[in-house]
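Comments concern the structure below.
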Amino acid sequence: MSVGSVRFVTFGCKANQYDTQVLREALGRRGWREEEREADLVVVNTCTVTTDAGRKARKLIRRVVREHPDTKVCVTGCLAESEPEVLRELPGVEWVLGNGDARRPLNFLRQLGCDVDPEELGIPAGITAFAGHTRAFLKIQDGCDRSCAFCIIPRVRGANRSRPADELAAEVLRLVEAGHVEIVLCGIHIGHWGREWGGEPADLLAVLAAVEPRDERGAPLPFRLRLSSIEATEISPRLVELMARRPERIAPHLHMPLQSGDDEILAAMNRWYRMDEYHAACERIRAALDRPAFTADVLVGFPGEGERQFARTLQAVRQIGFSRVHVFPFSPRPRTAAWEMGPAVPPEEVRERRSRLGEVAAEVAQTWRRDLGGATDLVVVEGEGGLSGRYQRVRLDRRDFPATPAGLVAVRLEAHERDAGIELIGRADGSLGGAA
Ligand code: SF4
């Protein structure tokens, strides 16, 4: 295909957004320009985690083809890996490229029929920027060696494959020098980073935290690292110790998938930990860090989940004091162990549990926010306020910040009771470094 205009549409997780950026840069280097409306080529990077994700992608593809019949559509990502034949049947779809092809940009270009210059082989791996974002995602590994009963991901993403620390350090340097003040380490199962050679995420974090980007005048450029989703049992004492030692460099926020608060359901899900281990990890982290933010994913309505098991999930959410819980209804996926499991929970019960859990989670989050008064944090400035290391929206106090600062700002938090809930205000405070 000759050079023209391209539009990217991405569904799903941070790893997918990173993969899209890799393709964007591969096409951009060859002169393709991005066009939001009538592009010659539309690349749809799909997700297959839930039935809904697949449905949305198919709907979008049909709409693109209906509205712009001359556009060529290339579908890639996890749905292209799990349902290639369904996608090939969709009118207007020219290419269906699974993760194997899309992961290697040169392969991707060849599949589209573009000439590939061997010089491109020398281009450093990874990305150079995350256009339009203050925070950039950095994919540190791909794939997963676990086999949770509800999850299709290991089938479509393969086994764990970690990227080398020096390559990632070079990428952090590039991204910060390109203006990104927060780098979010993402992947499919980041707790298994380095496992192939006996390493662990703490090794990588130590290397990345030591990166020292500088501006053109040689002044240090502040930045912060954030771990995306990491399993509670894979957070080592070394990792916690590093987070405690470098609060200005590593956000005190851990997203630890919980899935259920009940041991029987965890076993049925083929999750490898039990609740006492999850609680122990939270306690260990809480003892080392100042008011860390814990967020989690919880699946409701997994086969066999009755009121008794669900009550344990509610109890765990209250006890752990999450700052946010993402509640997902169980969505059976073909080719997973849970596909034929029973007994199924009736949909109206799933809906009801989802809303009950949502209410409890919101209440718990308010209590947690109320207790943040006096904590120090760094805010990535976006408009009037920004995003704190604990993943909270913070408004900057105009008395201390009469002009909107840029980049990372060090604050001390005040928690104010408002009608709509707790509002966090950032007052200037130099204890964590940053711009203040
Ligand atoms: S740990 Fe479980 S839920 Fe997470 S990607 Fe692997 S199989 Fe899926």
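A few remarks follow.
- Which of 72, 56, 139 has the fewest Cβ neighbours within 10 Å, and the rest in rising order: 56, 72, 139
- Extending 7 Å from Cα along the Cβ direction at residue 167 and again at residue 246 yields two label points whose distance is 2.1 nm.
- Peptide ranges 302-309, 75-82 listed from the most packed, as the mean C-beta count within 10 angstrom indicates: 75-82, 302-309
- Whichever lysines have a C-alpha closer than 24 Å to that of residue 14, once near sequence neighbours (fewer than 8 apart) are set aside: 56, 59, 139
- Segment residue 270-residue 340, extension gain: residue separation times 0.36 nm, minus the distance between their alpha carbons: 23.8 nm
- Inter-probe distance in nm under a simple model that places probes 7 Å from Cα toward Cβ, at residue 36 and residue 3: 2.5
- For peptides 392-402, 340-350, sequence by mean Cβ density within 10 Å, most packed first: 392-402, 340-350
- Sequence of 353, 370 once ranked by neighbouring C-beta atoms within 10 Å, starting from the fewest: 370, 353
- Placing a label point 7 Å from the Cα of residue 236 along the Cα-to-Cβ direction, the residues of the range 184-204 whose backbone N falls under 13 Å from that point are 191-204.
- Shape category assigned to the range 304-372 from the gyration tensor of Cα positions, a/c cut at 1.5: prolate
- Total formal charge among the other residues, if their Cβ is under 12 angstrom from that of residue 346, Lys/Arg +1 and Asp/Glu -1: -2
- Judged by the gyration tensor of its Cα atoms, with axes a ≥ b ≥ c, the chain is oblate; a/c meets the 1.5 cut and b/c is at least as large as a/b.
- Taking the chain and dividing mean pair separation by its residue count, relative contact order in percent (alpha carbons under 8 Å, at least six apart): 10
- Counting DSSP beta bridges with both ends in the range 130-251, the antiparallel % (nearest 5): 25
- Among 321, 301, 31, the residue with the largest mean-square fluctuation in a Gaussian network model of the chain, with springs joining Cα atoms closer than 10 Å, is 31.
- Extension gain for residue 197-residue 146 works out to 16.6 nm (0.36 nm per residue, less the C-alpha to C-alpha distance).
- Alpha-carbon centroid distance for the pair the range 392-436 / the range 150-174, whole angstrom: 34
- For the range 203-275 versus the range 55-103, the gap between their alpha-carbon centres in whole angstrom: 34
- Extension gain for residue 404 to residue 135 (0.36 nm times residue separation, less C-alpha to C-alpha distance): 95.1 nm.
- Across the range 184-208, the residues whose backbone nitrogen lies under 12 Å from the label position 7 Å along the beta-carbon direction of residue 125 are 194.
Read the figures in this text as sums done on the coordinates, not as results from a lab. A quick note: this is a predicted structure, and the numbers were derived from the prediction, not measured. Please note: Cβ atoms are built from the backbone with ideal geometry, for glycine as well, and neighbour counts cover all protein chains shown.
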